[in-house]
Amino acid sequence: GEKVEQHESTLSVREGDSAVINCTYTDTASSYFPWYKQEAGKSLHFVIDIRSNVDRKQSQRLIVLLDKKAKRFSLHITATQPEDSAIYFCAASGMNYNQGKLIFGQGTKLSIKP
Amino acid sequence: EAAVTQSPRSKVAVTGGKVTLSCHQTNNHDYMYWYRQDTGHGLRLIHYSYVADSTEKGDIPDGYKASRPSQENFSLILELASLSQTAVYFCASSDWDSSYEQYFGPGTRLTVL
């Protein structure tokens, strides 16, 4: 089955700099790749996603890049702010959107230093 | 706004006891999911459902049962709780056919002693 690996378990960047979180997946048929954010002590909420028919998507300070050949996707957070501090999870859908199932990575704890 | 609630928010159970975690959504979503979160493992899917009165096994279903008596309600049942089931459990819902976003509940912290 699909496996999603999140490469950085922790990441620390200075406020105002960019942060990049990388994920790889194994199933070439995966076609949907969302990102979720979990602030300390809270639940997860959706932040951005990308589908396999494009290789770049931007929403304000968030950019997602998808490299289908390398089976890799990444979340770029530009001009980081203290409120960006959280755990970020990448996920992949697997083949044919897999009945709504997502396979999550292990999470990356992002810390923004003042 | 989409709303998913879970009860209880935390629970301490004894080994071998029965535990029921409840989830309620007011989003009118067909799909509902139960995940567990352990440090270093991210979220892992236990059971899910895409229609009332039917449930499907996720990636780690052993030791868990699920029940979907209505579109709004989805329960996770641990018939014989074990120490290894200590974790945070999240319920989520989605309208997968039109939007792939999953809406998560606040989580239930379960400690099995």
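Rule-based calculations on the coordinates, nothing more; no lab input. Predicted model, so just to flag it, every value in this text is computed and none were measured. Neighbour counts are summed over all protein chains in view; Cβ atoms, including those assigned to glycine, are modelled from backbone coordinates with ideal geometry.
One line per residue, one yes/no per condition, for (1) away from every other protein chain (no Cβ under 13 Å); (2) surrounded by 16 or more Cβ atoms within 10 Å (Cβ to Cβ):
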{"residue": "A:Val47", "(1), (2)": "no, yes"}
{"residue": "A:Gln58", "(1), (2)": "yes, no"}
{"residue": "A:Gln81", "(1), (2)": "yes, no"}
{"residue": "A:Asp84", "(1), (2)": "yes, yes"}
{"residue": "A:Tyr88", "(1), (2)": "no, yes"}
Within the stretch B:100-107, identify whether any single residue is surrounded by fewer than 17 Cβ atoms within 10 Å (Cβ to Cβ), in contact with a Lys or Arg (Cβ under 8 Å, 6 or more places away or on another chain) and farther than 15 Å from A:Lys101 by Cβ, and answer yes or no. yes
Tally the residues that are of a type outside the set (Gly, Ala, Ser) and in contact (Cβ under 8 Å) with a residue 60 or more places away in the chain, restricting the search to the stretch A:16-35. 8
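Quick one: in the stretch B:69-113, of everything that is assigned to a strand (DSSP E or B) and aliphatic (A, V, I, L, M), which residue is farthest from the chain's Cα centre (by Cα)?
B:Val112
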Looking at the structure I just gave you, is B:Lys65 farther than 21 Å from A:Ala92 by Cβ and touching a strand residue (DSSP E or B) at 6+ places or on another chain (Cβ under 8 Å)? yes
Subset of the stretch A:90-114 that is more than 9 Å from chain B (Cβ to nearest Cβ) and of a type in the set (Val, Ile, Thr) - its residue that is nearest to B:Met32 (Cα to Cα): A:Thr108
If you go through the stretch B:7-55, how many residues are more than 9 Å from chain A (Cβ to nearest Cβ) and either of a type outside the set (Ser, Thr, Tyr) or in a strand (DSSP E or B) (or both)? 33
For the stretch A:1-43, name all the residues that are of a type in the set (A, V, I, L, M, F, W, C) and not in a strand (DSSP E or B). A:Ala29, A:Ala40
